[in-house]
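The values are calculated or read from the model by the stated rules, or taken from the named source; none is laboratory data. Worth saying up front: this structure is predicted, and the values here are computed from it rather than measured. Counting neighbours? That spans all protein chains shown, and the Cβs are built from the backbone with ideal geometry, glycine included. Just so you know, the surface numbers come from the protein's heavy atoms only, side chains and all, with ligands and any DNA or RNA stripped out. Shrake-Rupley method; radii C 1.70, N 1.55, O 1.52, S 1.80 Å.
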Amino acid sequence: MTRHRGNSRRVAWCVAALLSLAAGVARAQPSAEQAAAAEALFREGRELVAQGKLAEACPKFAASQRLDPGYGTQWNLADCLERLGRTASAWAAFREAADMASRSGQAEREAKATRRAADLEKRLERLAVTVSAPADGLVVRRNGAVLDAGAWGAPLPVDPGKHRVEATAPGKKPFSVEAQTAGPGKVVTVEIPPLEDDPAAASAAAQPAGPVASPPAPLRPAAGGDVDDGAGTRRTLAFVAGGVGVAGVVTGSIFGLIASARWNQAQDEHCRTETLCDDQGVALVGDARRAAALSNVGFVVGGVGLAAGVALFVTSLDDAEPAAARVVVVPAVGTTGGGLAIQGRF
């Protein structure tokens, strides 16, 4: 009986594992609509290639590959990029095609794609960005995408043509230069010089933020007048908190749009899959993730501000104990920031 029970458990575990694997495979498969759209885009790309419209054809293949990845689409994308003269992008695309063929056990296709990648590698043009004296907070961008510090000084493959290199840092004047590739097999080096101080930024940072106000005294009844029940103060604070909440939501929305734009640009132009990207794609994905994190912070702050505004406004309508209301607003300063501390009893 014990052996039978143990066998039953093992069978159950095997069935569960197979079902889990099948579910994972099912999730990885594109839907019928995605497959149909991918096929239509692939055919449109082929027609554009036949018409010699390579600049319009390559994005069609890329879009088709994202919807329904396949070796044939990846091969056509790589071939289109090479014919368009984008040697670095084509080299990366052929390497991805070889990896796809290797994973599916298609040795002949793998060898074919590997040969095309090897031929292109001999013709690659490279660009190295060096930094002689990194300033605090230095950010280097190439063609608008942040270049990770780990890539500084490395001769990275780039497509032939002009590439804009920019460097910025807090309190420093920005630096920018346009570099032209030098031909197959050549490396062009762009050196970021020590950034000059920006007097305007330094003077703005040196100016005091303004006089520090003393904590106001608690609200007291005016002599010979009506008792202030604190409702007006709470309404004012409600509008302030609501304004902070709206600002947080707006900030979250803006950074959300930036994150979406950077992510889409990376996936459209620089990534073969969501995890296989060239250096520009990696930089854009990093920008998108940072913007998404700021967007989340904005929405959290916005939500808290709006909730606080609503709560303060609702309590301002309740005058059950008007004489007991006391509100004090005190500046609060800590090691991680500052704000307003609201003390009182409603």
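Within the range 224-247, does at least one residue satisfy the condition of being over 17 Å from SER316 (Cα atoms), open to solvent by less than 70 Å² (accessible area, probe 1.4 Å), in a loop (DSSP other than H, G, I, E, B) and at pLDDT below 60? Within the range 224-247 (the criterion being over 17 Å from SER316 (Cα atoms), open to solvent by less than 70 Å² (accessible area, probe 1.4 Å), in a loop (DSSP other than H, G, I, E, B) and at pLDDT below 60), the answer is yes, since at least one residue qualifies. Taking GLU108 as the residue in question, decide whether it is open to solvent by 50 Å² or more (accessible area, probe 1.4 Å) and not hydrophobic (A, V, I, L, M, F, W, C). The answer is yes for GLU108.
Which residues, counting only those in the range 42-96, are more than 25 Å from ARG126 (Cα to Cα) and open to solvent by 70 Å² or more (accessible area, probe 1.4 Å)?
As a first pass, look at the range 42-96 and keep what is more than 25 Å from ARG126 (Cα to Cα): 42-53, 56-57, 60-61, 63-73.
ARG43, GLU44, ARG46, GLU47, ALA50, GLN51, LYS53, GLU56, ARG66, PRO69 - these are the residues of the range 42-96 that are more than 25 Å from ARG126 (Cα to Cα) and open to solvent by 70 Å² or more (accessible area, probe 1.4 Å).
Restricting the first member to the range 176-191 and to residues that are under 22 Å from VAL140 (Cα atoms), and the second to residues that are basic (Lys, Arg), the beta-carbon pairs closer than 6 Å and six or more apart or on different chains are GLU178/LYS162; GLU178/ARG164; GLN180/LYS162; VAL187/ARG126.
Matching residues to (1) out of contact with any Leu (no Cβ under 7 Å at 6 or more places or on another chain); (2) among the aliphatic types (A, V, I, L, M):
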{"residue": "ALA117", "(1), (2)": "yes, yes"}
{"residue": "ARG126", "(1), (2)": "no, no"}
{"residue": "ASN143", "(1), (2)": "yes, no"}
{"residue": "VAL146", "(1), (2)": "yes, yes"}
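Cβ-Cβ contacts under 9 Å between residues 6 or more apart (or on different chains), taken from a first residue in the range 282-300 that is closer than 18 Å to GLY150 by Cα and outside any helix (DSSP H, G or I) to a second residue that is open to solvent by 10 Å² or more (accessible area, probe 1.4 Å) and not aromatic (Phe, Trp, Tyr), are absent. Return a yes/no flag: does the range 98-110 have any residue that is in contact (Cβ under 8 Å) with a residue 24 or more places away in the chain and more than 28 Å from GLN34 (Cα to Cα). Within the range 98-110, not a single residue is in contact (Cβ under 8 Å) with a residue 24 or more places away in the chain and more than 28 Å from GLN34 (Cα to Cα). Can you tell me which residue in the range 152-181 is surrounded by the fewest Cβ atoms within 10 Å (Cβ to Cβ), limited to those that are in contact with a helix residue (DSSP H, G or I) (Cβ under 6 Å, 6 or more places away or on another chain) and not in a strand (DSSP E or B)? Applying the filter and picking the extreme gives GLY171. Residues considered: ALA62, ALA78, ALA37. Of these, the only one that is in contact (Cβ under 8 Å) with a residue 24 or more places away in the chain, touching a Phe, Trp or Tyr at 6+ places or on another chain (Cβ under 6 Å), on the phi < 0 side of the Ramachandran plot and outside any loop (DSSP other than H, G, I, E, B) is ALA78.
Under the condition of being in a strand (DSSP E or B) and open to solvent by 30 Å² or more (accessible area, probe 1.4 Å), the residues counted in the range 132-145 number 2.
For the range 87-146, the set of residues classified as hydroxyl-bearing (Ser, Thr, Tyr) and either modelled with pLDDT of 95 or more or more than 25 Å from ARG66 (Cα to Cα) (or both) consists of THR87, SER89, SER102, THR114, THR130, SER132, listed by residue number.
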